[in-house]
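Laboratory data are not the source of any read-out in this text; all were calculated from the coordinates shown. Here the structure is a predicted model, which is why all the values come from computation and not from measurement. Neighbour counts run over all protein chains shown; Cβ positions are idealised from the backbone, glycine included.
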Amino acid sequence: MVLYRIKTRPIKKGLKVDVEMESLEAEGMTDLFHKTPVKIVTSKMSQGSNNLLVVSFENNPLNNQANQKIKVRGEPIEVLYHGPTVIHLAKCFALPPEMRLSKLVFMDFINLAV
């Protein structure tokens, strides 16, 4: 879940944006051994922490001499390697066989030459 807050103030035309991410989970593909999708990314919260990621951006802060202030705080996440998911993602983003990089570079070179 992602939460955000936007605050404005007329003094120094200030703006403050806070973004908080409470958790993150991603599921991989099912395969012969796993009938349900395998969790490949999970967030484990440490004690005393409420959020996985907190980003705070402030424009023209009142208590600083800088024009902008940004704070980023994050907690660790656990990423599991799941072979079938990685292979499927690689196939999704692969160029089709008729669109090889050498052909694209050659066509780009022809366009620059003209």
Report the calculated FRET efficiency for residue 68 and residue 24 (r = Cβ-Cβ distance, R0 = 25 Å), to the nearest 0.05.
0.40
7 Å from Cα along Cα→Cβ at both residue 3 and residue 93: what's the point-to-point distance in nm?
3.2
Under 5 Å between amide hydrogens, which residues at least 5 positions from residue 40 or on another chain qualify, with H placed 1.01 Å from N in the peptide plane?
26, 27, 28
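Compute the length gained on full extension between residue 16 and residue 39: take 0.36 nm times their separation in residues and subtract their Cα-Cα distance, giving the result in nm to one decimal.
Numbers: separation 23, 0.36 × 23 = 8.28 nm, distance 3.46 nm.
Gain on stretching residue 16 to residue 39: 4.8 nm.
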